[in-house]
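Below is one structure, written out as structure tokens, with a few remarks after it.
The values are calculated or read from the model by the stated rules, or taken from the named source; none is laboratory data. Just so it is clear, the structure is predicted and the values come from calculations on it, not from any experiment. All Cβ positions, even for glycine, are placed from backbone atoms using ideal geometry, and neighbour counts span all protein chains on display.
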């Protein structure tokens, strides 16, 4: 593929991923408006967010396999079409039920679009050094999309109402469909495994049941037989999933990948990132609107320091990881983000904004330092032929963390309120929990950096396996 076409392909794939990640966070800014117009409570808001994130998390692995097996261009364009149509459904939803249904459809489209976009990118850049730069841009757009969501959502919801946050996807989707048909070339993995139907079904049921128990536990009570049964069923389904995958000749999630420490650590850290970033973002707009009394527009603008920090830092995160090693950069980023979240846990209604913006900035810088290196590490830890699968696993772990973050932090807030605490006190506790989880991720990554030796990993073409075991710096080093 010539350079101009590859540049256009890069733009198409990055824009598609930007749209998917934007929808992860743009809804958060409009939640107060949705709560007012749709007459719902915190549990309803959690389902509006998690219906999308949950379907993405449950189907991303299948989306990666579909892309490798049936054609990455075909799956990508199908995902864009479904996502765009679902956005229209969301924008005209007359009730929470209809909106949740539209979000489910959006999640299905995103689960096809996201892994196929990165797989197209990996196939178009066979040279490792060029591939690392392209992945860095793709992952950078992911971070920018997540960062831009609160600001864009606040502006659109305050000016036009919450349906506008979904309508904005329609022109973008149409442009992607027109450009994608022209510039994308079909590629697939001729050795791709068959579809793993039992594994897919078990993963869907396990994550879905766990999410239901976490969200509804705050409303029904944690000792409710339904909730306790939900946790038990989820654990049993997860155990069955592991057994099925370990015995399947063509598993959707080859457990052998997790024998590579680089792959395992990057995906474990990604869970912490998704949990804290998405879980805390769910409450930012509600904090500014309900606790500090701002408008939706002001709430969106007040998250701008975090957004700008991610926009500025994200493009450089991959380079820093290539120079210093992904584990050192990720551990530092997680530590900074975790400390920022802990300081947000002591912000109150009368705290001046001059004492808030720098906390959001620390969170944004910290997470920006993690997204690109973690994605790149996960993909580079496997062979190029498994790019779709690796991107699916990486995105899945982030989305699973996001699902758990929204569900569990929402449960923290509800539990505090049911105990007589104010909504403000509940938010403080939620931010503190998010900070603790993030710091735990930093400690885990840092300890692995200190105590582990080189871990064997599949080598890129023409490169010895041990060259990749120490991180991105080794993976991109010229011969």
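Being surrounded by fewer than 24 Cβ atoms within 10 Å (Cβ to Cβ) and over 30 Å from residue 296 (Cα atoms) narrows it down to one residue among 43, 78; which is it?
That would be 78, the only listed residue that is surrounded by fewer than 24 Cβ atoms within 10 Å (Cβ to Cβ) and over 30 Å from residue 296 (Cα atoms).
Condition test on residue 312, is it farther than 21 Å from residue 394 by Cβ, within 21 Å of the chain's Cα centre (by Cα) and at pLDDT below 90? Give the derivation first.
Numbers: farther than 21 Å from residue 394 by Cβ: yes; within 21 Å of the chain's Cα centre (by Cα): yes; at pLDDT below 90: yes.
Here the answer is yes, as residue 312 does meet what is asked.
Inspect the stretch 85-100 for any residue being within 28 Å of residue 251 (Cα to Cα) and assigned to a loop (DSSP other than H, G, I, E, B) and give the result as yes or no. Write out each step before concluding.
Taking the stretch 85-100 as the starting set, the residues that turn out to be within 28 Å of residue 251 (Cα to Cα) are none.
Among the residues of the stretch 85-100, not one is within 28 Å of residue 251 (Cα to Cα) and assigned to a loop (DSSP other than H, G, I, E, B), which makes the answer no.
Cβ-Cβ under 9 Å, sequence separation 6+ or interchain: first residue in the stretch 218-229 and under 19 Å from residue 404 (Cα atoms), partner not in a helix (DSSP H, G or I). Which pairs?
Between residues of the stretch 218-229 that are under 19 Å from residue 404 (Cα atoms) and residues that are not in a helix (DSSP H, G or I), the close pairs are 219/41; 227/221; 228/222.
Residue by residue, here is whether (1) out of contact with any helix residue (DSSP H, G or I) (no Cβ under 7 Å at 6 or more places or on another chain); (2) under 29 Å from residue 289 (Cα atoms); (3) not in a helix (DSSP H, G or I) holds:
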{"position": "80", "(1), (2), (3)": "no, no, no"}
{"position": "107", "(1), (2), (3)": "no, yes, no"}
{"position": "110", "(1), (2), (3)": "no, no, no"}
{"position": "133", "(1), (2), (3)": "yes, no, no"}
{"position": "136", "(1), (2), (3)": "no, no, no"}
{"position": "156", "(1), (2), (3)": "no, yes, no"}
{"position": "166", "(1), (2), (3)": "no, yes, no"}
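Quick check on this structure: which one of 161, 180, 173 is more than 21 Å from the chain's Cα centre (by Cα), touching a residue at least 24 places away in the same chain (Cβ under 8 Å) and surrounded by 21 or more Cβ atoms within 10 Å (Cβ to Cβ)? Walk me through it before giving the result.
Values: 161 fails: surrounded by 21 or more Cβ atoms within 10 Å (Cβ to Cβ); 173 fails: more than 21 Å from the chain's Cα centre (by Cα).
Result of the check over 161, 180, 173: 180.
Check 424, 479 and return the single one that is in a helix (DSSP H, G or I) and either modelled with pLDDT of 85 or more or more than 30 Å from residue 221 (Cα to Cα) (or both). Walk me through how you get there before you give the answer.
On the way: 479 fails: in a helix (DSSP H, G or I).
When all the criteria are applied, what remains is 424.
Here are the criteria: (1) surrounded by fewer than 24 Cβ atoms within 10 Å (Cβ to Cβ); (2) within 16 Å of residue 428 (Cα to Cα); (3) within 21 Å of the chain's Cα centre (by Cα). Tell me which single one residue 338 does not satisfy.
(1)
Can residue 299 be described as in a helix (DSSP H, G or I), at pLDDT 90 or above and more than 16 Å from residue 276 (Cβ to Cβ)? Quick ask: steps written out before the conclusion?
Numbers: in a helix (DSSP H, G or I): yes; at pLDDT 90 or above: yes; more than 16 Å from residue 276 (Cβ to Cβ): yes.
For residue 299, the condition - in a helix (DSSP H, G or I), at pLDDT 90 or above and more than 16 Å from residue 276 (Cβ to Cβ) - is met.
Quick one: which of 328, 349, 337 is at pLDDT below 90 and either touching a helix residue (DSSP H, G or I) at 6+ places or on another chain (Cβ under 7 Å) or assigned to a helix (DSSP H, G or I) (or both)?
Numbers: 349 fails: at pLDDT below 90; 337 fails: at pLDDT below 90.
Sole residue among the options that is at pLDDT below 90 and either touching a helix residue (DSSP H, G or I) at 6+ places or on another chain (Cβ under 7 Å) or assigned to a helix (DSSP H, G or I) (or both): 328.
Pick out the one residue from 25, 13 that is surrounded by 23 or more Cβ atoms within 10 Å (Cβ to Cβ), under 21 Å from residue 125 (Cβ atoms) and under 19 Å from the mean Cα position of the chain (by Cα).
Working: 25 fails: under 21 Å from residue 125 (Cβ atoms).
Checking each option against the conditions leaves just 13.
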